[in-house]
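Below you'll find the structure, written out as structure tokens, and then a few comments.
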Amino acid sequence: MSSMSASAILRVARERAGMTLRELATVAGTSHTTLSAYEQRRTTPTTDTAERIVRAAGFNIDTTLSVHLPFDGESRGIELMQALELAALFPARHSPTVLFPRFPTNPASGSRRSAR
């Protein structure tokens, strides 16, 4: 459910469906007071209940499980260095001369013209 709370997901689903609390509660088979409590974080629905309410609004909850790596500057730096070392192993074919035309210079000031 990404970083959204269950209450936010339920509210967003209901609002995107253009439904009132009472309309969604009726379709989802719950009371509008319970749905209101979920949306206001007074209580938290079970996963099954949240999915049922979201489906009643015409949406699906797509969940995936992935590894969360906490930010650690040192290990991320080591990872970057390893990636750069790996990239250096690939052959590079650089031309010793610039193949693109140079920007014309303004003879009066000796500065280059800006692109407009």
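The values are calculated or read from the model by the stated rules, or taken from the named source; none is laboratory data. Small disclaimer: the values here were computed from a predicted structure and weren't measured. As a convention, Cβ positions derive from the backbone with ideal geometry for all residues, glycine included, and neighbour counts pool all protein chains shown.
If the condition is being surrounded by 10 or more Cβ atoms within 10 Å (Cβ to Cβ) and modelled with pLDDT of 80 or more, then region 85-112 contributes no residue at all. Scanning region 20-29 for residues that are farther than 13 Å from ARG55 by Cα and in a loop (DSSP other than H, G, I, E, B) yields a count of 1. Within region 55-84, residues that are closer than 25 Å to ALA6 by Cβ and touching a residue at least 40 places away in the same chain (Cβ under 8 Å) reach partners that are part of a loop (DSSP other than H, G, I, E, B) and of a type in the set (A, V, I, L, M) with beta carbons closer than 8 Å, at six or more positions or on different chains, in the pairs ALA57/MET19; ILE61/MET1; THR63/MET1.
For region 21-50, give me each residue that is without any contact (Cβ under 8 Å) to a residue 12 or more places away in the chain and of a type in the set (Val, Ile, Thr). THR26, THR33, THR34, THR43, THR46, THR47, listed by residue number.
With respect to the stated conditions, THR34 fails to be of a type in the set (S, T, N, Q), in a loop (DSSP other than H, G, I, E, B) and surrounded by 15 or more Cβ atoms within 10 Å (Cβ to Cβ).
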